[in-house]
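So the structure is just underneath, and the comments pick up after that.
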Number of protein chains: 2
Amino acid sequence: MNIYRYEENPLLTPLDVKPYHENFEVVGVFNAGVTEYNGETILVLRVAERPISENPNVVKTPVYNVNTKKLDIVEFHKGDGRYDFSDSRTITKRESGCFSYLTSLSYLRLARSKDGHHFTVEDTPFIYPSNIHETLGIEDPRVTKIEDTYYIYFSAVSPLGVGESMVSTKDFKTIKHHGMIFSPENKDVTIFPEKINGKYYALHRPVPKSTGSPQVWIAESENLLHWGNHQFLFGLRENMWDNGRIGAGAVPIKTDRGWLELYHGANKDDRYCMGAILLDLDNPTKILARSEEPILSPEAPYEVEGFFGNVVFSCGALVEGDTIKMYYGVADTSIACAEFSIKEVLDSLK
Amino acid sequence: MNIYRYEENPLLTPLDVKPYHENFEVVGVFNAGVTEYNGETILVLRVAERPISENPNVVKTPVYNVNTKKLDIVEFHKGDGRYDFSDSRTITKRESGCFSYLTSLSYLRLARSKDGHHFTVEDTPFIYPSNIHETLGIEDPRVTKIEDTYYIYFSAVSPLGVGESMVSTKDFKTIKHHGMIFSPENKDVTIFPEKINGKYYALHRPVPKSTGSPQVWIAESENLLHWGNHQFLFGLRENMWDNGRIGAGAVPIKTDRGWLELYHGANKDDRYCMGAILLDLDNPTKILARSEEPILSPEAPYEVEGFFGNVVFSCGALVEGDTIKMYYGVADTSIACAEFSIKEVLDSLK
């Protein structure tokens, strides 16, 4: 597999993004949805900001307040034994093992480009937390274009759980809210870009508690808003690069040989790679082939080091002829892009 | 609150149910959905059977095999330190904290009655595991009648997770499968018996892993098969009887003052009681009132002692004038019924 990482990588880093909140710093611009609109490449960026803390022993966490529509700042002392601060992303209550707060608040912001390499980031949020299901932020958007509408869906994070919510836009200015389409715990949804035998399909990634692993399921819909007939699709593989958790990545790409899904897989050490799976064109609940080795692994310095290192994580790709341009978040910090051949990917699947 | 427990309670016990599987014993007949059909009361029973084990140190667990369409028996020695056998219902892998097997297999069976007190149990299963999502059994059915169709939905349990699946019938002989309507982890679904402002509604109970508690959500649908616009509805209450886990119980009952939902709540010691919540008639996402004290608590000997004691758990009720006849599982072992006044319940809510 020939992988061409852009020379300009990382294309966007926190230094390219002006904080939206006063006295905050941008710690990540990553895991972006991608689409084309009016001849431009549009990235729907996940931007993560956190309050600046002068005291290294104090963690300040932002929480969206639905009443004031502003952020509250909750402070923790790192010596507080009730909480575990070892994961740079979360503050976890030791008693329950569940996270209580995130160390940053994510929301979505647009970046535009004429050439797909150089992006201009908008100054204000495009989609911002707005309800009780989003008080800890919104994350990891994907964009599916169907006819003239762009459906943008993302993880909605709150102490009530992590679900997947959706908005739509026709102009990347005004948005329509469609509520939560997959209830907690669920994320990493990708909606197929057309109906298949009269139905819409989506991949999704439930995280059950009592039993079961973070694996990929498929669901169907008539209207994109309501989903059912959930079926397990593909799972973790022991002793392989995707034995820890997996989830759909880019919106499925239609090829001659089937629907090509670029998905992420992490091993038990949280090293995130990108692989692929091929689904039947007429029946996407049927698996035709799957990557044995990752297509892309964290190797470049910007993929290995950062806020949460050793992560490549794609939420979207563009296709031009035989070329896939896969945009991907690196180390939960920045955004990169790599190109590779559809034919080579398909030939590599077993 | 005046509660009239039937003199015949428990109405059905494991002794009333002939095992369906050879060399198995029935350990529970409980948590039944209820409806009326052809002038009879029909209970859709959850029947739990387990392989008879001669050796008290050996636990035999049944697993449905989708290829052979029979049960495989997996044996565990109680001295196997990798597993925790302390919960009578589950075999839990210590490493993950997730259950790997159940100590019995549940499936659904019908019982019929002319008077609602004395039931005749059918000899064979009505709904039996049939796919990869049901290899560890199907549990806790509810029945919603809409026009001439009875929708029966239940927990589908497998190592892939616990979700909610649905079938329908018009005659309690043939069934149509509709697949999984709520993806893992989810159970305790109750579907409202009519459209409200053009949409169907359901209560459901996700169990998220990373953050969030087992609490009640509401979703909407146009066709009963596909569900969306998930919203958190009501939650655990600290220092109260329902501070551990809650879930919808009986199918919502339409009253003059609102939709009355009889729900179960457990405290942190797994003592399950039944309470009530009242939802707006025109907008069931709006809560009008809720029980401060349980309507029914495990007090009778058959409620306190059994396979998993201190549990009253209703999956359905019938209404006659001002009287609710609430059928309920007791101690994960048997079935009981209690009657009380709708007016008294409504008056008791705060």
At R0 = 25 Å, FRET efficiency that the Cβ-Cβ distance of A:Lys18 and A:Asp115 yields, to 0.05
0.65
What are the nm distances, shortest first, from A:Pro125 to its equivalents in the other copies, labels at 7 Å along Cα→Cβ?
4.9
Expressed as a whole number of Å, what is the distance separating the alpha-carbon centroids of the stretch A:1-33 and the stretch A:218-289?
26
Lys/Arg Cβ at +1, Asp/Glu Cβ at -1, dipole of the protein assembly as shown taken about the Cα centre: which of A:Gln215, A:Gly244, A:Pro298 is farthest positive-ward?
A:Gln215
Just to confirm my numbers, what's the Cα centroid distance between the stretch A:140-171 and the stretch A:71-95 in Å?
28
Per residue, accessible area of the protein assembly as shown with a 1.4 Å probe, heavy atoms of protein chains only, in Å², comes to 39
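Would you mind giving the total buried accessible surface between chains B and A, with a 1.4 Å probe and ligands, DNA and RNA left out, rounded to the nearest 100 Å²?
Adding both sides of the contact gives about 3300 Å².
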Average beta-carbon neighbours from other chains, 10 Å sphere, peptide B:156-166
5
Percent relative contact order for the stretch A:211-348, counting Cα pairs under 8 Å at least six residues apart, stands at 16
Considering every Cα-Cα pair within chain B, what fraction, in whole percent, is farther apart than 37 Å?
12
How many percent of Cα pairs in the protein assembly as shown exceed 32 Å?
52
Out of the stretch B:118-213, which trypsin sites (Lys or Arg not before Pro) are coil in DSSP terms and have no more than 14 other C-beta atoms within 10 Å?
B:Lys170, B:Lys173, B:Lys195
Run the Debye formula on the Cα coordinates of the stretch A:1-117, all scatterers equal and no solvent, and tell me log10 I(q)/I(0) at q = 0.20 1/Å.
-1.11
Provide the per-residue ³J(HN,Hα) series for the stretch B:166-172, in order, calculated from phi with Karplus coefficients 6.51, -1.76, 1.60 and θ = phi - 60°, each as a whole number of Hz, with x at glycine and proline positions.
9, 10, 9, 8, 10, 9, 6
Using a Gaussian network model of chain A whose springs link C-alpha atoms within less than 10 Å, name the residue from A:Cys315, A:Cys98, A:Cys337 with the highest mean-square fluctuation.
A:Cys98
Taking DSSP loops as anything outside H, G, I, E and B, show the longest stretch in chain B free of GluC sites (Glu not before Pro) there with at most 16 other beta carbons within 10 Å.
B:239-291
With θ set to phi - 60°, apply the Karplus curve 6.51 cos²θ - 1.76 cosθ + 1.60 along the stretch B:338-345 and write out the HN-Hα couplings as whole Hz, x wherever there is a Gly or Pro.
9, 10, 7, 8, 4, 4, 5, 5
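Nearest 500 deg cm²/dmol is fine: what mean residue ellipticity at 222 nm does the protein assembly as shown get from its DSSP H runs of n ≥ 4 alone, each adding -39,500 (n - 2.57), divided by its residue count? Please list the in-between numbers first.
On the way: 4 runs with 22 residues, N = 700.
It comes out at -500 deg cm²/dmol, rounded to the nearest 500.
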How many percent of the accessible area of the stretch A:207-350 is carbon or sulfur, using a 1.4 Å probe?
42
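What's the FRET efficiency of A:Ile3 with A:Asp80 using the Cβ-Cβ distance as r and R₀ = 41 Å, to the nearest 0.05? Spell out each step's value before the answer.
Numbers: r = 44 Å, r/R0 = 1.07.
After rounding, the FRET efficiency stands at 0.40.
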Given a 1.4 Å probe, show me the residues in the stretch A:208-246 buried by at least 30 Å² of accessible surface when comparing the whole protein assembly to the chain alone.
A:Pro208, A:Lys209, A:Ser210, A:Thr211, A:Gly212, A:Trp217, A:Glu222, A:His226, A:Trp227, A:Asn229, A:His230, A:Phe232
Per-residue average of other protein chain Cβ atoms inside 10 Å, peptide A:176-182 -> 4
Just how large is the dipole of the stretch A:4-348 about the Cα centre, in debye to the nearest 20, putting +1 at every Lys and Arg Cβ and -1 at every Asp and Glu Cβ?
880
Quick one: which residues, 5+ away or cross-chain, put their amide H under 5 Å from the amide H of B:Glu305? H built at 1.01 Å from N.
B:Asn310
Not counting ligands, DNA or RNA, and with a 1.4 Å probe, what is A:Lys343's accessible surface area in Å² rounded to the nearest 10?
110
Across peptide A:125-134, what mean number of C-beta atoms from other chains lies inside 10 Å of a residue's C-beta?
1
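Can you tell me how the stretch B:48-155 classifies by the Cα gyration tensor, rounded, prolate or oblate, using a/c under 1.5 as the rounded cut?
Numbers: a/c = 2.24, a/b = 1.92, b/c = 1.17.
Taking the square roots of the gyration eigenvalues as a ≥ b ≥ c, the stretch B:48-155 is prolate.
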When the Karplus curve 6.51 cos²θ - 1.76 cosθ + 1.60 is applied with θ = phi - 60°, which whole-Hz ³J(HN,Hα) does each residue of the stretch B:107-119 get, with x for Gly and Pro?
8, 10, 9, 9, 9, 10, 8, 7, 10, x, 10, 10, 10
Hey, what did chain A get for relative contact order, percent, Cα under 8 Å, at least 6 apart?
16
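The values are calculated or read from the model by the stated rules, or taken from the named source; none is laboratory data. Remember, predicted model here, so these are calculated numbers, not experimental data. Neighbour counts run over all protein chains shown; Cβ positions are idealised from the backbone, glycine included. Each accessible area value is taken on the protein alone, full model and side chains, heavy atoms only, with ligands, DNA and RNA left out. Shrake-Rupley method; radii C 1.70, N 1.55, O 1.52, S 1.80 Å.
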